[in-house]
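In what follows, a structure is listed as structure tokens, so that the remarks can point back to it.
Any read-out appearing in this document is the output of simple, stated calculations on the displayed coordinates, not a laboratory observation. Remember, predicted model here, so these are calculated numbers, not experimental data. Please note: Cβ atoms are built from the backbone with ideal geometry, for glycine as well, and neighbour counts cover all protein chains shown.
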């Protein structure tokens, strides 16, 4: 049976130090394959180019998308790119590799450590090649705000940050649930596909789902699997009118998903532990 | 399930023997593919959700534009295009082909092509053809339902020649897609790790092939430039043909140029294979 030593408690400080160590170690590893690293950064630049070209083409032909004007939409785009970058930097690689760890049995090695398994398995590799996206997205958001010229109040900033953190929590929880299912299912190629699906749902403002025939889809992805809230709500908090009720629901959804994903993860680990002996 | 079928000794050499050999590989690969039906049906259904998102987005764009057409496309045409591009990609996408070849080179299993009377290019073509047939047959029902649901967006051309041309462009798209990915995979003979490069090429191809939106929508010179590249035949060209947006002359020219690209890539593939295998056997034992 794979177990843990009892009586070892970690303070919060040591978790932050570990995170720093993970970051340094990942960076060293990344720099050992510099050509590959540059190729990956180039990939993200190309992806940004595609997004911006798409944005430019749309706004050449229209002045508003469901009430979002050009610079509000640019802010949304920056928010999407930054958030996608954050998730890819911190979590995506780890969740994809989780399936491999289960298959090869190397997961045992990680379960032996005297540290919370979810923390270890979620943060152990930092993908530095996607980290620039966070800065670039931030720059796009800043540019959009500057062009809009409206005052940025503390209330808006607070709403934005709260909604953003909730959005990150939701996206992370989704990935964690997907990764956990690797313990029960043999084939796990669909994780990247499902992540692509989730990210394609969060790529556009949720206002576009207002069509009568799309109501069911809007309800499902707002209340059941809140993919539509992840980027849209933070962006709305900053540059548009946001009903407080939606912000409250976004925070609740974030918390609920974190709890649900942790429960599913622990259940998966328990069933893994009881299977191997 | 055994992965490598054992080939009986063929006593009929030459073209006929070769054809029978590859036909057998085709049959075996087809059976293997159909075993993963359920897993793949789910994937097909999930693949349609981004299409719904695109329909909603473009509806919002047209509403905001205040005009019926953008670069000559009506809203219905753009939405029809996005669905038709799925059909084009059904024929021309080759998931895992290039990375599979690179892996075989890296792991050395490509050496069996040096000893067995088996040609890598033809072998994988038969394999992929089988996969495609299985994929298309099993996707037929979901796609039929989707086309029926979205029937209102379509204005099918009456000219039977256009339909024939569409089929031709889809089949050529399959061949072109295969030859492109095959050539990319052969880079494995010269570079150890090409997976990041493949991601880059795939992302660029996604954009250049018109998968994201009709190439015409980029306007003027940009659109003209994009239509000179071979990538447009993977998604944009077949969709444009069946939308009735191409004249007979431009269809004929397009198909001819596409054949030219196929020929060029075929030759590139054969040369790369010859030089690559030579280089490989220089290293191997």
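Kindly express, to the nearest 10 degrees and within the range 0 to 90, the angle between helix A:70-87's C-alpha long axis and the longest C-alpha principal axis of chain A.
Long axis of A:70-87 versus the principal axis of chain A: about 0 degrees.
Calculate the spin-label point distance for residue A:33 paired with residue A:258, positioning each point 7 Å from the Cα along the beta-carbon direction, and give it in nanometres.
3.3 nm
Within a 10 angstrom radius of each residue's Cβ in A:40-49, how many Cβ atoms of other chains show up on average? Whole number is fine.
4
How far apart, in nm, are the 7 Å Cα→Cβ label points at residue B:171 and residue A:184?
Output for this residue pair reads 4.6 nm.
Would you work out the relative contact order for chain B, in percent, from Cα pairs under 8 angstrom that are 6 or more residues apart?
In percent, rounded to a whole number, it is 27.
Of the listed peptides A:244-250, A:119-125, B:233-239, what is their order by residue-averaged count of other C-beta atoms within 10 Å, with the highest listed first?
On the way: A:244-250: 15.9, A:119-125: 18.3, B:233-239: 28.4.
In decreasing order of mean packing, A:244-250, A:119-125, B:233-239 become B:233-239, A:119-125, A:244-250.
Of the candidates B:50, B:230, B:142, which one comes out as most mobile in a Gaussian network treatment of chain B with C-alpha springs shorter than 10 Å?
For chain B, modelled as a Gaussian network with Cα springs under 10 Å, the answer is B:50.
How would you rank B:246, A:210, going from fewest to most other Cβ atoms within 10 Å of each one's own Cβ? Before the final figure, lay out the partial values.
Details: B:246 19, A:210 14.
By the 10 Å Cβ count, ascending: A:210, B:246.
May I ask you to sort B:54, B:99, B:67 by Cβ crowding, counting other Cβ atoms within 10 Å and putting the fewest first?
Fewest-to-most ranking of B:54, B:99, B:67: B:67, B:99, B:54.
Before anything else, pin down the relative contact order of the range A:12-275: Cα pairs under 8 Å, at least 6 apart, normalised by residue count, whole percent.
That works out to 25 percent.
In nm, give the distance between the simple-model label positions of residue A:117 and residue B:224, each being 7 Å from the Cα along the Cα-to-Cβ direction.
Once both label points are built, they end up 6.3 nm from each other.
Calculate for the protein assembly as shown the 222 nm mean residue ellipticity that helices alone would give, adding -39,500 (n - 2.57) per DSSP H run of length 4 or more and normalising by residue count, nearest 500 deg cm²/dmol.
-23500 deg cm²/dmol
How would chain A be classified by its alpha-carbon gyration tensor: rounded, prolate or oblate, with rounded meaning a/c under 1.5 and the a/b versus b/c comparison settling the rest? Present the calculation step by step, with values, prior to reporting the outcome.
Values: a/c = 1.90, a/b = 1.61, b/c = 1.18.
In terms of gyration-tensor shape, prolate.
Report the residue, chosen from B:248, B:131, B:86, that carries the largest GNM mean-square fluctuation when chain B is represented by alpha-carbon nodes joined by springs under 10 Å.
Most flexible of the set in this elastic network: B:248.
Using alpha carbons only, how many degrees (0 to 90, rounded to 10) separate the axis of helix B:75-92 from the longest principal axis of chain B?
That works out to roughly 10 degrees.
Quick check: the angle from helix B:120-149's long axis to the longest principal axis of chain B, C-alpha only, nearest 10 degrees?
For B:120-149 against chain B, the angle is about 30 degrees.
For each of A:146, A:195, count neighbouring Cβ atoms within 10 Å of the residue's Cβ, then give the residues from fewest to most.
Starting with the residue having the fewest Cβ neighbours, the order is A:146, A:195.
What residue among A:134, A:65, A:126 has the largest mean-square fluctuation in a Gaussian network model of chain A, using Cα springs under 10 Å?
Judging by the Gaussian network model, the answer is A:65.
Once you have a ≥ b ≥ c as the square roots of the Cα gyration tensor eigenvalues for the range B:186-274, tell me rounded if a/c is under 1.5, and otherwise prolate or oblate according to whether a/b is larger than b/c.
oblate
Report the paramagnetic label zone for residue A:210: residues of the range A:232-259 whose backbone N is under 15 Å from a point 7 Å from Cα along the Cα-to-Cβ axis.
In the range A:232-259, the label zone of residue A:210 (backbone N under 15 Å from the point 7 Å along Cα→Cβ) covers A:236, A:240-243.
For the protein assembly as shown, what class follows from the C-alpha gyration tensor (a ≥ b ≥ c being the square roots of its eigenvalues): rounded when a/c is under 1.5, otherwise prolate if a/b is larger than b/c, else oblate?
Judged from the Cα gyration tensor, the protein assembly as shown comes out oblate (a/c at least 1.5, b/c at or above a/b).
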